[in-house]
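Below: one structure, written as structure tokens.
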Amino acid sequence: MAFTESNMLPLGSNAPDFELPDTVSGKVLRLKDVAGEKATLIMFLCNHCPYVIHVNPEIIRIVRDYSTQGVGFIGISSNDVEHYPQDGPEKMKMTALEVGYAFPYLYDATQEVAKAYDAACTPDFYLYDGNLSLVYRGRLDGSKPKNEIPLSGADLRAALDAVLAGQPVREVQYPSGGCNIKWKRGA
């Protein structure tokens, strides 16, 4: 697994629409079904990445702290399940239930959604305002497995707080980093 950083999609980009199955509920959801009134956080995740496993506790806390404030949360896994079966939809449902994801965990079988968002790694975070315009993309905070910086969600929380307060999000944004998305061969 190669350490990969976010591609840093241009700020102001509109959120690409999608229609993907939620591995927990079994429903097919579109962006409008899960977007929040004030903000929407789209997270590219997977089950086996040690970087995602490391940040999962803070993701759970952020969802708990902000979901009642008009923020919608969506997790998407786009990994090639032929070569990485541990990231398949059945295992995604098990992971969501075991970890306590209180948001839809969608499966991007064609990888078209990851491509539309220019996602590169897991975790990869995209925060959109109430108009679905990109205001933040990058890391949760400076913590990584084994770097001894405690999880705080500081970068993402600051962006969420700014959006909810109607303030601009800091222009200095650091890329997220983690495992590369496992692209299908020839994709």
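Computed from the coordinates by the stated procedures, all read-outs in this text should not be read as laboratory data. Everything numeric in this text was worked out from a predicted model, so none of it was measured. Here the Cβ positions follow ideal geometry from the backbone for every residue, glycine too, while neighbour counts run over all protein chains shown.
Condition (residue is among the small types (Gly, Ala, Ser), under 20 Å from residue 10 (Cα atoms) and outside any loop (DSSP other than H, G, I, E, B)) applied to segment 108-116: is it met by at least one residue? Checking segment 108-116: at least one residue is among the small types (Gly, Ala, Ser), under 20 Å from residue 10 (Cα atoms) and outside any loop (DSSP other than H, G, I, E, B). Of the residues making up segment 134-149, just one is farther than 15 Å from residue 121 by Cβ and basic (Lys, Arg), namely 146. When you scan segment 130-168, how many residues do you find that are part of a loop (DSSP other than H, G, I, E, B) and within 17 Å of residue 70 (Cα to Cα)? Looking only at that region, the number is 6. Strands (runs of 3 or more DSSP E) fully within segment 14-106 that include at least 1 residues being within 16 Å of residue 182 (Cα to Cα): 39-44, 71-77. Close Cβ contacts (under 8 Å, 6 or more residues apart or on different chains) running from residues in segment 116-134 that are over 17 Å from residue 48 (Cβ atoms) to residues that are assigned to a loop (DSSP other than H, G, I, E, B) and among the basic types (Lys, Arg) comprise 125/139; 129/38; 130/38.
The conditions of being in contact with a strand residue (DSSP E or B) (Cβ under 7 Å, 6 or more places away or on another chain), within 30 Å of residue 28 (Cβ to Cβ) and charged (D, E, K, R) are not met by residue 155. Residue 37 fulfils the conditions (1) in contact (Cβ under 8 Å) with a residue 40 or more places away in the chain; (2) among the acidic types (Asp, Glu); (3) closer than 15 Å to residue 104 by Cβ except for a single criterion, (3). I want to confirm something. Restricting to segment 170-182 and keeping residues that are under 18 Å from residue 43 (Cα atoms) and not hydroxyl-bearing (Ser, Thr, Tyr), which single residue is surrounded by the most Cβ atoms within 10 Å (Cβ to Cβ)? If we take residues in segment 170-182 being under 18 Å from residue 43 (Cα atoms) and not hydroxyl-bearing (Ser, Thr, Tyr), then 178 is surrounded by the most Cβ atoms within 10 Å (Cβ to Cβ).
In segment 31-89, the residue that is surrounded by the most Cβ atoms within 10 Å (Cβ to Cβ) out of those that are of a type in the set (Asp, Glu) and within 21 Å of residue 5 (Cα to Cα) is 87.
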